[in-house]
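Heads up: the structure comes next, in structure tokens.
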Amino acid sequence: MKKIFTLFTFCVLQGIAVAQNPIICDRYTPDPAPYVHGDTLYLFVDHDENETINGYFTMKDWLLYSTVDMVNWTYRGTPLTSATFSSWAKQDNDCWASQCIERNGKWYWYVTATIKGEAYPGIGVAVANNPAGPYKDPIRKPLVKGWFKIDPTVMIDDNGQAYLYYGNNNLWYVKLNKGMTSFTGSEVSVNVKDEKAFGPHKNDKGDPNFEEASWIYKRNGKYYLEYAAGGVPEHWAYSTADKATGPWTYQGKVLKEAEGSFTIHGGSVEFKGHHYMFYHNGKLPGGGGYKRSTCIEEFTPNEDGTIPAIAFTTKGVEPLQTVNPFVRQEAETINQCSGILCEGDYKSCYVTDISSGDYIKVRNVDFGTEGAKSFRARVRGGARKGTISIRTGSKSGAVKGKVTVDAASDGEWTEVLCDLTTTIKGTVDLFFTFTGTGQLFDFDSWLFSSETITANKSIDITVGNETRNYWLYVPSTVKANSPLVVSLHGASGHSTDRSPFRTDIADKEGCIVVYPQGNPIYFPVFGGTVTGWDASGEVNGDVEFIKAIIEDVATKYPIDRQRIYCCGFSNGGMMTYALTNTMSDVFAAYASISGFPLNEFHFRHTGARPVPFLHIHGKQDDFVRYALMPVIVDEMVARIGANPVPQKTTVSGKYDKSVYEATEGSFPYIYYEINNMGHNDFTGDIETGNSAQVMWNHFKQYTLDTPCDTTLKWLPRIETEGYTPKDHGWMINSSKTLLRFGGDQNTDGKQNVYRSLQLATGSYKLCFHSEGETDKEIGVKLQKLTGKKNYVLNTTVTAGTDACLVFNVDDGWGEYRLTMTRPTATDQITITNLGLFSLSADELTGIRHPDNSKLEIGNWTEAIYDLQGREMVNRKLPNGQLGLYLAPTAGGKVRKILIK
Ligand code: FUB
């Protein structure tokens, strides 16, 4: 729809900038029908189009607005059009006066339309569960029809009887049934020529004073019928009665002839102890007799209940309450505006058609004594970049803050935010002014805060029963849906260190950073207690703390949950590794500098999904010992399924960079070895000359929904060309041992860094391909390294096949050794595609609920099958009831089972 006001009319408008009448600024809104429901006043109105056809009423739909304060009006959509009544009404025009009423939770909207194929009107009714719709025409025909049957008004009497009055130069009523969409008895014609009832005839021919637009209500036991009177131009008059059906007694004129309009259609209503007279005139710029707009005047009924003569004003009515800027307000809640247009429907409305020079005024906004320091708006970028300036007092008042809305074509709503240059205090009129080129963005809602957006401060939060704190850094460059970096200090460090992710990188990249403060914990390696992290890999208090920080930040800032990243230094780096176990569903990427799990933490990776990881380590680091890194690298590379043979580059005198590239479903592991670095939280001897920047450049490539194979657990890819398994802790082809991985615990010399295969409670499959003589049996054992040293797999597989062996771990995290054997030391068997995977939900469901119709009937021996129909060679159903158990029959043989 084309907006009403051009820049030219905007300039004309300036002269009446303080005017409140007309009350709706973006469209022509004739025939107001106010309705009070709870603390809200709904305004059901007609709609005069901007372009008239044949210089006559051109009306295609009906609109809804609402208010709680009488001065700021919220567009609630265009709930009805002629199409709502398509079964009987002429389309695309003649959507004339209407009134809506609520009964038992349903909303009944009575409208005037023209009967299809005829020249005369009818009155229809649409019904909805909410005032803003969606509405339906339940009877698919007019309630009444015929010449001059227009302008319905409806009331429900105290005894439950509802009345519908209507008519032009005539007046009729029907008694509506409780369902409100039919009536009992016949239509009653009221004698409008009775001068005692409706006033002196308008001419010598005896034509009635009553014209149209009847408006019925009951106040203090008396029935009031207001109406347009006196012919055209119309004035507003009323009559009263002791019964809803009359007889009526003329009471006189209330409003003079409307300015700029030969009709005046209105109605009075009581709201929050005040009385308001609604009517329309032609005073909105460009307006006139066929482009009319709603106005309101407040009045006080006389002591005897009569209505005084009410004068027209441009100033309109005073606000009943203030607007709270600290709760989100709709952009389409407007006192005055220019150039914009409100659109949307019952689901959501917004301001659109914004161009440079347009503005919105919101009246009587109470910022309190503390005031507002920051602003945010929900917007949708358009073809061009634009700005929203925040001003108070007038649309040319000083700019108190400004947000930029970037051009966008994705149709997505987003938040823009800024700190105010001046704190806004007290009760003020608020102005949003817009600049840019061409058609700009859409504007959905806004919100102020008493806190600044930018932050560089300590924040206390309560986690469980404990008060902990973190340092929050929000740069001035922060944008909507900001990424968030969690940066963990090292042992004995402090959140105020703001390390290892530096704030200058946050400034440059526009990301929010939190620096959690570690609790004092005992570190055997220090022989004492210092601040740090419990990097055990378990869900513990520190993990809960970090989760709570993220939620705390999210309540204040629109962070992008897909772009939360974690990094840490030293013990913070250990914690970073540990969080790949417990928070791989929260962080999209990880980076550690000078830290990996060792000593009391050991290396414990069993995370739910592979993660992109970057590690920076000094070759001179003897504290978190550089010499132990190969074991960590191997473990992480296998865990995320990356290619175990790195692409290596060396920058002489500075660093080596090894990229273990991602394969399908995996992520890369990036490893920087810095020549002249010891145990440091920062190095400049790296790409970009800034290790924090390198971490950011790694992070920004990933979001939480970057696709990956979440069933991936351990994919060592030992057959990769250029990979020497022996150098990575594999025993290969040694006597009868085909392959072996996993050593004993080594807590002394190697700071508890040793190779093992680690598994948490769950259901898994160990899969591999073997080549060799098909009568050879390959022994497969997966044995726990601690406790009872029990086997979770202890079976044989025929060589020359693809095998997937399903097993359960049901006693929590543990370390395992994998051993595969051959019958003799000389048997030629090769193993490839070795991998360990968690069972997918589908596989688990398939095993637990096999499709019986797919089972072949036969003579069965004892057997257990996996999803692929392969026999599970341990032949025992563990307590976890995985697989299918088939009872043995004498002399029976195993047949393949197909499970969907
Ligand atoms: O808006 C069209 C017609 O004009 C209405 O139905 C009448 O009440 C008059 O306002």
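The values are calculated or read from the model by the stated rules, or taken from the named source; none is laboratory data. Values in this document were obtained by computation on a predicted structure and should not be read as measured data. With ideal geometry, Cβ positions are generated from the backbone for all residues, glycine too; neighbour counts draw on all protein chains shown.
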* Count - residues of segment 791-805 that are touching a Gly at 6+ places or on another chain (Cβ under 6 Å) and buried (at least 20 other Cβ atoms within 10 Å of the Cβ) -> 1
* Structure fact -> Exception for Thr313 within (1) away from the ligand (no atom under 16 Å from the Cβ); (2) closer than 22 Å to Leu63 by Cα falls at (2)
* Which residue out of Glu415, Glu451 is under 25 Å from the mean Cα position of the chain (by Cα), under 28 Å from Glu544 (Cβ atoms) and in a loop (DSSP other than H, G, I, E, B)? -> Glu451
* **Every residue from segment 752-798 that is hydroxyl-bearing (Ser, Thr, Tyr) and not in a loop (DSSP other than H, G, I, E, B)** => Ser763, Tyr764, Ser770, Tyr791, Thr795, Thr796, Thr798
* Tell me, please, whether a residue that is of a type outside the set (Gly, Ala, Ser) and touching a residue at least 60 places away in the same chain (Cβ under 8 Å) can be found in segment 394-404. => yes
* Somewhere in segment 5-19, is a residue within 35 Å of the chain's Cα centre (by Cα) and modelled with pLDDT under 95? -> yes
* Structure fact -> Note: among Ser261, Ser268, just one is within 14 Å of the ligand (Cβ to nearest atom), surrounded by 24 or more Cβ atoms within 10 Å (Cβ to Cβ) and polar (S, T, N, Q), namely Ser261
* **Selection from segment 634-660 of residues that are of a type in the set (Val, Ile, Thr) and crowded, with 22+ Cβ neighbours inside 10 Å** => Val637, Ile640
* Asked: Which residues, counting only those in segment 271-307, are within 11 Å of the ligand (Cβ to nearest atom), assigned to a loop (DSSP other than H, G, I, E, B) and surrounded by 23 or more Cβ atoms within 10 Å (Cβ to Cβ)?
  -> Arg292
* Have a look at Leu430, Leu440 and point out the one that is assigned to a strand (DSSP E or B) and under 19 Å from Glu330 (Cα atoms). => Leu430
* To do: May I ask you to verify whether Val144 is in contact with a Leu (Cβ under 6 Å, 6 or more places away or on another chain) and closer than 27 Å to Asn209 by Cβ?
  => no
* Which condition number in (1) at pLDDT 95 or above; (2) out of contact with any strand residue (DSSP E or B) (no Cβ under 7 Å at 6 or more places or on another chain); (3) more than 24 Å from Gly665 (Cβ to Cβ) is the one that Pro597 fails? -> (1)
* **Candidates Tyr223, Tyr166, Tyr173, filtered to the one that is aromatic (Phe, Trp, Tyr) and farther than 15 Å from Tyr110 by Cβ** => Tyr223
* To do: Inspect segment 688-705 for any residue being assigned to a strand (DSSP E or B), of a type in the set (D, E, K, R) and in contact (Cβ under 8 Å) with a residue 24 or more places away in the chain and give the result as yes or no.
  => no
* Structure fact -> By residue number, the members of segment 71-100 that are within 27 Å of Gln336 (Cα to Cα), away from the ligand (no atom under 15 Å from the Cβ) and outside any strand (DSSP E or B) are Val71, Asn72, Arg76, Gly77, Thr78, Pro79
* To do: Consider only pairs whose beta carbons are under 7 Å apart and that are at least six residues apart or on different chains; among these, list those whose first residue lies in segment 569-582 and is more than 12 Å from Ser594 (Cα to Cα) and of a type in the set (Ser, Thr, Tyr) and whose second residue is modelled with pLDDT of 95 or more and surrounded by fewer than 24 Cβ atoms within 10 Å (Cβ to Cβ).
  => Thr582/Val543
* Would you check if there is a residue in segment 656-670 being outside any loop (DSSP other than H, G, I, E, B) and touching a residue at least 40 places away in the same chain (Cβ under 8 Å)? => yes
* Scan the strands (runs of 3 or more DSSP E) fully inside segment 326-405 and keep the ones with 1 or more residues being under 27 Å from the mean Cα position of the chain (by Cα) and within 17 Å of Phe441 (Cα to Cα). => 341-344, 349-352, 359-366, 372-380, 386-392, 399-405
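Given segment 153-252, what strands (runs of 3 or more DSSP E) lie entirely inside it while holding 3 or more residues that are within 52 Å of the chain's Cα centre (by Cα), within 16 Å of the ligand (Cβ to nearest atom) and farther than 23 Å from Asp137 by Cα?
Answer list for segment 153-252: 210-219, 222-229, 235-241.
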* Report the residue count in segment 26-68 for those that are in a strand (DSSP E or B), within 16 Å of the ligand (Cβ to nearest atom), in contact (Cβ under 8 Å) with a residue 60 or more places away in the chain and closer than 19 Å to Tyr135 by Cβ. => 5
* Asked: Residues in segment 678-688: is at least one of a type in the set (A, V, I, L, M, F, W, C) and more than 15 Å from Phe613 (Cα to Cα)?
  -> yes
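Conditions tested, residue by residue: (1) crowded, with 18+ Cβ neighbours inside 10 Å; (2) over 16 Å from Ser293 (Cβ atoms).
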position: Thr313; (1), (2): no, no
position: Val317; (1), (2): yes, no
position: Gln321; (1), (2): no, yes
position: Val327; (1), (2): no, yes
position: Ile334; (1), (2): yes, no
position: Ser338; (1), (2): yes, no
position: Asp345; (1), (2): no, yes
position: Cys349; (1), (2): yes, yes
position: Thr352; (1), (2): yes, yes
* **Filtered residues of segment 799-815 (kept if part of a strand (DSSP E or B) and farther than 21 Å from Leu844 by Cβ)** => Glu815
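So that you can scan it fast, the table gives a plain yes or no per residue for (1) closer than 20 Å to Asp39 by Cβ; (2) touching a Gly at 6+ places or on another chain (Cβ under 9 Å); (3) hydrophobic (A, V, I, L, M, F, W, C); (4) free of Cβ contacts under 8 Å to residues at least 12 places away in the same chain:
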position	(1), (2), (3), (4)
Ile296	yes, yes, yes, no
Asn302	no, no, no, yes
Lys315	no, no, no, no
Gln329	yes, no, no, no
Glu332	yes, yes, no, no
Gln336	no, no, no, no
Thr352	no, yes, no, no
Phe367	no, yes, yes, no
* Inside segment 101-124, can you point out the residues that are out of contact with any helix residue (DSSP H, G or I) (no Cβ under 6 Å at 6 or more places or on another chain), within 16 Å of the ligand (Cβ to nearest atom) and either in a strand (DSSP E or B) or not aliphatic (A, V, I, L, M) (or both)? -> Trp109, Tyr110, Val111, Thr112, Thr114, Ile115, Tyr120, Pro121, Gly122, Ile123
* To do: Say whether the condition of being surrounded by fewer than 24 Cβ atoms within 10 Å (Cβ to Cβ), at pLDDT below 95, of a type outside the set (S, T, N, Q) and within 30 Å of Asn746 (Cα to Cα) is met by at least one residue in segment 535-549.
  => yes
* Asked: What tally of residues in segment 558-583 results from selecting those that are part of a loop (DSSP other than H, G, I, E, B) and surrounded by fewer than 21 Cβ atoms within 10 Å (Cβ to Cβ)?
  -> 1
* Meets criteria (at pLDDT below 95, at negative phi and not small (Gly, Ala, Ser)) for Ile453 -> yes
